[in-house]
Amino acid sequence: MKKLAALALFFFVISIQAQTKKASTSPLPRVIILATGGTIAGSGASSTEAAYTAGKIPIENLLNAVPEIHQIAQIKGEQIAQIGSQDMNIATWLKLSQRINELFEKDEVDAVVLTHGTDTLEETAYFLSLTIASDKPVVLVGAMRPATAMSQDGNRNLLDAVMVAADQKSIGHGVVVAMNESVYAARDVTKTNTTNMATFQSRNFGPIGLIFDGKVNYYYKSIRNSAQKFDVSQRKTLPKVAIVYGYADATSSAIEAAIKDGAQGIVYAGMGNGNYNEAVGKALITASKNNILICRSARAGAGQVTLFNEVDDAALGFVVADDLNPQKARILLMLALTKTNDKKKIQDYFLKY
Ligand code: ASP
């Protein structure tokens with residue numbers, strides 16, 4: 001009996017050893033870091049001066065500064081652009097989307113980390129979330145302090161972003177932003193503070209996950225944030241859509257200028273629940289009659305813009321942005337206009353995507 005027990009124990013230990021060996025030899029996930037510049041690659045004259053130039057430090061140096069990432073994943077780096085994200089543009093969005101889709105299609109990587117300036121990071125994140133055809137993780141990351149600053153946040157943010165990308169739990173969440181120990185759905189996140197490190201927030205819904213000590217825990221899943229909605233693989237440009245800001249005593253001049261500039265759509269960043277004054281209202285109605293797609297959004301920063309509140313959208317031919325902020329509503333409207341001019345369909349996109 002004793003012999004049998006000893007034999008059983010022997011096989012138990014052998015099997016545990018085999019499992020541990022298998023786990024430790026299974027290859028690390030393949031993560032590519034696509035770099036576009038921004039403050040995370042920014043360089044200043046000294047560690048304490050506020051002045052710096054975004055997009056100076058090449059991807060190799062960023063990776064060398066955080067050797068810990070190599071313990072989490074098999075890392076490759078690729079420099080896609082080297083700009084401050086205030087200069088982000090449609091051509092670079094299309095290039096990024098096409099490159100990421102290609103990497104996933106060819107099964108060259110398990111996840112993507114995208115380093116990016118914080119100014120327009122939310123716009124790139126939302127654009128990618130609407131156009132990437134994979135449920136593999138795509139994680140955007142930036143920094144509020146340049147790489148040369150004292151207490152810079154870029155290195156830790158980059159390490160966290162790689163960890164989030166490499167974690168199996170991130171599969172299926174869609175494109176996310178990992179900044180300042182939090183994970184946000186691309187669709188919902190926005191930059192809320194000009195200089196503070198806790199700038200990124202999702203004002204309506206909060207973060208979907210929290211990061212601490214090299215681990216991510218998820219608490220929520222955005223039901224609207226994943227699955228490709230638009231195929232931009234063959235596109236070289238997008239329909240022109242302008243944003244016009246609402247304010248007390250505004251005139252119609254910005255709307256007229258947008259139309260003159262060839263806008264096919266106008267996102268109006270309205271007061272309160274997407275409201276406008278008489279002068280702006282007249283110009284928007286005329287534009288709508290001339291087949292320019294008008295989307296009412298809000299400058300308030302949180303909440304939804306609701307149909308038929310103070311404005312009869314159906315009668316005027318307007319659509320509403322739901323809870324998308326004006327800069328994200330513009331992205332959805334540009335993509336929507338690649339497919340249709342049908343106002344009902346476009347409204348449907350805004351209420352579902
Ligand atoms: N202007 C910079 C950029 O967006 C700011 C930053 O990255 O924090 O590239």
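Here, each number is a calculation from the coordinates, and none is a lab measurement. It should be emphasised that the depicted structure is a prediction, and the values quoted were computed from it without experimental measurement. Cβ: placed from backbone, ideal geometry, glycine included. Neighbour counts: every protein chain shown.
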Could you give the dipole magnitude of the chain about its Cα centre, charging the beta-carbon of Lys and Arg +1 and that of Asp and Glu -1, in debye to the nearest 20?
-> 920
Just round it to a whole percent: the fraction of Cα-Cα distances in the stretch 224-264 exceeding 18 Å.
-> 52
Charge dipole of the chain about the Cα centre (unit charges at C-beta), most positive-ward option of Asn64, Ile132, Phe212 = Ile132
Neighbouring Cβ atoms within 10 Å as the yardstick, rank Glu278, Glu68 fewest first.
-> Glu278, Glu68
Select from Ser97, Val31, Pro326 the residue farthest towards the positive end of the dipole of the chain; place +1 on Cβ of Lys and Arg, -1 on Cβ of Asp and Glu, and compute about the Cα centre.
-> Val31
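Quick check: convex hull over the Cα atoms of the chain, volume per residue in Å³, rounded to an integer? Mind dumping the intermediate values first?
Working: hull volume 57.7 nm³, N = 353.
In the chain, the Cα convex hull volume per residue is 163 Å³.
How would Ile259, Ile208, Ile171 line up from fewest to most surrounding beta-carbon atoms within 10 angstrom? Numbers along the way, then the final one.
Values: Ile259 18, Ile208 23, Ile171 14.
Fewest-to-most Cβ neighbours within 10 Å comes out as Ile171, Ile259, Ile208.
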Projected-area average for the stretch 22-69 over all orientations - Cα convex hull basis, square nanometres | 4.5
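Is the stretch 168-219 rounded, prolate or oblate when judged by the Cα gyration tensor, a ≥ b ≥ c being the square roots of its eigenvalues, rounded requiring a/c under 1.5 and prolate requiring a/b larger than b/c?
Numbers: a/c = 2.26, a/b = 1.40, b/c = 1.62.
Oblate, because a/c is 1.5 or more while a/b does not exceed b/c.
With +1 assigned to the C-beta of every Lys and Arg and -1 to the C-beta of every Asp and Glu, and no other charges, what is the dipole magnitude of the stretch 95-156 about the Cα centre in debye, to the nearest 20? All intermediate terms of the calculation are to be shown ahead of the outcome.
Working: 6 positive and 10 negative charges, 45 e Å.
So the dipole magnitude of the stretch 95-156 works out to roughly 220 debye.
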Rank the residues Tyr247, Tyr349, Tyr218 as a footprinting-exposure proxy: fewest other Cβ atoms within 10 Å of their Cβ go first.
-> Tyr247, Tyr218, Tyr349
Ordered by residue, what ³J(HN,Hα) values in Hz, to whole numbers, does the stretch 297-302 give under the Karplus form 6.51 cos²θ - 1.76 cosθ + 1.60, where θ = phi - 60° and Gly and Pro are x?
-> 10, 10, 8, 5, x, 7
Those aspartates and glutamates that a straight Cα-Cα span of less than 20 Å connects to Lys106, excepting residues fewer than 8 apart in one chain | Glu78, Asp135, Asp231
Amide N of the stretch 306-342 lying under 13 Å from the label point, which is placed 7 angstrom from the Cα of Asp348 along Cα→Cβ = 340-342
Using a/c under 1.5 as the rounded threshold, could you call the stretch 287-353 rounded, prolate or oblate? The axes a ≥ b ≥ c are square roots of the C-alpha gyration tensor eigenvalues, and prolate needs a/b larger than b/c, oblate otherwise.
-> oblate
Computed helical MRE - 222 nm, the chain, DSSP H runs ≥ 4 contributing -39500 (n - 2.57), nearest 500 = -10000 deg cm²/dmol
